[in-house]
Amino acid sequence: MSADNKEMRGIYLGQPGDYYVKQADNNGIRPWLLKKRRDIVYRLVKKYYSSGAVLDIGCGNSLWNKDSVTTVGLDICEAMLRYNSNRAAGSFFIESDISAGLPIKSDSVNTVVITEVLEHIQPHVFLIEEIRRVLKKGGIVIASVPYDKLPGVWGLIFPIWCRYKGWRDNDPYYSNGCGHTVNFNIKKLKQAFNEFALLELINFNFLTIFYVARKE
């Protein structure tokens, strides 16, 4: 039986500060995918970044930020934020429940990164509206989500992997599907960002969709 949102929040809050760093340092399919996602997002940030701090929404361990690009990271997990602060001088990390809104002024940000977050948020369109609010005109959002509706394959692989890892490691986070509540394909992601101008879309092996768009 899946946990409800409150239980999943508690499970996530209990993860160690280096939770995603340790996963990426391991071998296997998921660490490989974490590294691929990290590298693609990093490349996209380098391509589209203009000025100011990057707003990293639901930052986790900000895996994409390989050379300490100045960021403002938002997340609810205090342990991860402390870990990030100790390794990313010059960046700022704020404990924030992003599902309730972004603690950022309107029209104040040039670049937003939101990787593997929208699939956790109900309703996800509210968070996208918040991204539009905080971006300056012409600002860029770089998003990624699992490609977990047909013809994507992540929707087939991920539930099996979660059940296995949850059983093997007695890990309640995986046992409850890592809190995924929204399934995306390219059409659904385009609909979600329909008020933005699409700049680039990457379908990575039908596993992850990367979406770059501009606020008009």
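Throughout, read-outs are computed from the coordinates displayed, never taken from laboratory work. Every value quoted in this text rests on a predicted model; they were computed, and no experiment measured them. Note that we place each Cβ from the backbone using ideal geometry, even for glycine, and neighbour counts take in every protein chain shown.
Exactly one residue out of G177, G152, G139 is buried (at least 20 other Cβ atoms within 10 Å of the Cβ), out of contact with any strand residue (DSSP E or B) (no Cβ under 6 Å at 6 or more places or on another chain) and not aliphatic (A, V, I, L, M): that is G152. Reported count of residues in region 195-208, each being surrounded by 13 or more Cβ atoms within 10 Å (Cβ to Cβ), more than 11 Å from R37 (Cβ to Cβ) and aliphatic (A, V, I, L, M), is 3.
For region 188-206, a residue qualifies if it is more than 30 Å from G166 (Cβ to Cβ) and either in a helix (DSSP H, G or I) or among the hydroxyl-bearing types (S, T, Y) (or both), and the qualifying residues are K190, Q191.
Does G10 qualify as being of a type in the set (G, A, S) and surrounded by fewer than 16 Cβ atoms within 10 Å (Cβ to Cβ)? So that I can check it myself, show each step before the final result.
Values: of a type in the set (G, A, S): yes; surrounded by fewer than 16 Cβ atoms within 10 Å (Cβ to Cβ): yes.
Taking the combined requirement at face value, the residue satisfies it.
Scanning region 79-91 for residues that are surrounded by 13 or more Cβ atoms within 10 Å (Cβ to Cβ) and over 13 Å from N65 (Cα atoms) yields a count of 4. Scanning region 120-155 for residues that are farther than 24 Å from K36 by Cα and of a type in the set (F, W, Y) turns up just one, F126.
Being touching a Pro at 6+ places or on another chain (Cβ under 6 Å), of a type outside the set (K, R) and surrounded by 14 or more Cβ atoms within 10 Å (Cβ to Cβ) is the requirement here; does S96 meet it? Before you say what the answer is, go through the steps one by one.
Details: touching a Pro at 6+ places or on another chain (Cβ under 6 Å): yes; of a type outside the set (K, R): yes; surrounded by 14 or more Cβ atoms within 10 Å (Cβ to Cβ): yes.
Spelling it out, S96 is indeed touching a Pro at 6+ places or on another chain (Cβ under 6 Å), of a type outside the set (K, R) and surrounded by 14 or more Cβ atoms within 10 Å (Cβ to Cβ).
Which condition breaks for I209 when tested against (1) within 30 Å of G10 (Cα to Cα); (2) part of a helix (DSSP H, G or I)? Single failed check for I209: (2).
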